[in-house]
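The values are calculated or read from the model by the stated rules, or taken from the named source; none is laboratory data. These numbers were taken from a predicted model, which means no experiment stands behind them. Here the Cβ is made from the backbone with ideal geometry for all residues, glycine too, and neighbour counts use every protein chain on show. All accessible areas refer to the heavy atoms of the entire protein, side chains included, with ligands and DNA or RNA removed. Shrake-Rupley method; radii C 1.70, N 1.55, O 1.52, S 1.80 Å.
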Amino acid sequence: MSKSMYSHEQIIQAGQFTPEDMKEILQRRRDHNRLGFAYQMAFVRLVNRFPAQQPLEVLPELLTYVGLQLGIKTEVINLYAQRQPTITEHRQAITLYEGMCRFEKTGRQLLADFLFNEASRLEQTGPLLIQAKRFLKEQAILYPGDEVLRRLVANQRQAARDHIYEHITKSLGQDARGKLDDLLETKDAYFTPLHILKQPPGRPSPAAILRLTTKLELIRETGASHIDLSWLNNNYQRSLARYVRHRSAGRLRRLKSERRYAVLVCFLHQLYADTIDFLIEMHD
């Protein structure tokens, strides 16, 4: 981990000790123990996890700032790094002093519930990871390993997706599902109805207006425009709609039915609203 990951202001904020902190630090005997204890305390405040032990993970700028406050040379951290039992003992003391808890004890289920709700409005992994870390820090729960966090995000992201797909599919009757499937079939035509729906509105003209009104009628016939999606975040709807826009009919046919119906409904919902906007603009 490089020092460039954190600004000077972040280093100062995390590493500045109060009189109470200094009292706790000075309970440790010998300079190397005091420096190591203080460094771990500052590190966990900055990163929300303890530094790796073998070898000891050192942020030079943070260590320098801690050493300056204590009046201890930073070189003695090398002696501290060799004392694994002491490092572990200090971690336990710091966890108690900071009022923090380990992820495995209480954090996993709390984070899983939080991520499920967040994944119902955010689809991308990156923003979900950011939200997960923010939540853990606010709850005073130490970060788990990156792989554990990514795996939990992926699991809850998939669980939220499955819930959304199932919820939308259950709102469709058998007739509506058949009409959605028909959008992906060419039958006797050269193009699928979905391909026609994806075509841009074109330049303003009577013929273009007629195409847009035909598009609206085709969407209404599927019944998708009548499905209530007010419970689903609009950005998430648009994300699912984009999936349809950039996939072929053949690719969509190969999706599991619940996912296929869900993305098609979101696509048609968004397309219906956009088509009305185009129609009004074109008429004007």
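So, in region 128-147, how many residues would count as being in a helix (DSSP H, G or I) and of a type in the set (S, T, N, Q)?
Looking only at that region, the number is 1.
What number of residues within region 63-86 are assigned to a helix (DSSP H, G or I) and in contact with a helix residue (DSSP H, G or I) (Cβ under 7 Å, 6 or more places away or on another chain)? Before the answer, list the steps.
Filtering region 63-86 for residues assigned to a helix (DSSP H, G or I) gives 63-70, 74-81, 84-86.
With the extra rule that they be in contact with a helix residue (DSSP H, G or I) (Cβ under 7 Å, 6 or more places away or on another chain), the set shrinks to 63-67, 70, 74, 76-77, 79-80, 86.
Within region 63-86, residues that are assigned to a helix (DSSP H, G or I) and in contact with a helix residue (DSSP H, G or I) (Cβ under 7 Å, 6 or more places away or on another chain) number 12.
Using beta carbons and a limit of 9 Å, which pairs, at least six apart or on different chains, have the first residue in region 1-24 and in a helix (DSSP H, G or I) and the second one at pLDDT below 90 and open to solvent by 90 Å² or more (accessible area, probe 1.4 Å)?
From residues that are in a helix (DSSP H, G or I), the pairs are ILE11/LYS3.
Among what's in region 186-221 and is part of a helix (DSSP H, G or I) and within 33 Å of the chain's Cα centre (by Cα), pick the residue that is nearest to LEU252 (Cα to Cα).
Only one residue tops the list, namely LEU194.
Residue-wise test of (1) free of Cβ contacts under 8 Å to residues at least 12 places away in the same chain; (2) within 23 Å of GLN158 (Cβ to Cβ); (3) in a helix (DSSP H, G or I).
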position	(1), (2), (3)
TYR243	no, yes, yes
ARG247	yes, yes, no
ARG251	yes, yes, yes
TYR261	no, yes, yes
VAL265	no, yes, yes
HIS269	no, yes, yes
ALA273	yes, no, yes
LEU279	no, no, yes
MET282	no, no, yes
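Could you list, in sequence order, all residues of region 149-161 that are surrounded by 14 or more Cβ atoms within 10 Å (Cβ to Cβ) and either of a type in the set (Val, Ile, Thr) or under 30 Å from GLY223 (Cβ atoms) (or both)?
Within region 149-161, VAL153, ARG157, ALA159, ALA160, ARG161 qualify.
Does region 87-107 contain at least one residue that is in a helix (DSSP H, G or I), surrounded by 19 or more Cβ atoms within 10 Å (Cβ to Cβ) and touching a Ser or Thr at 6+ places or on another chain (Cβ under 9 Å)?
no
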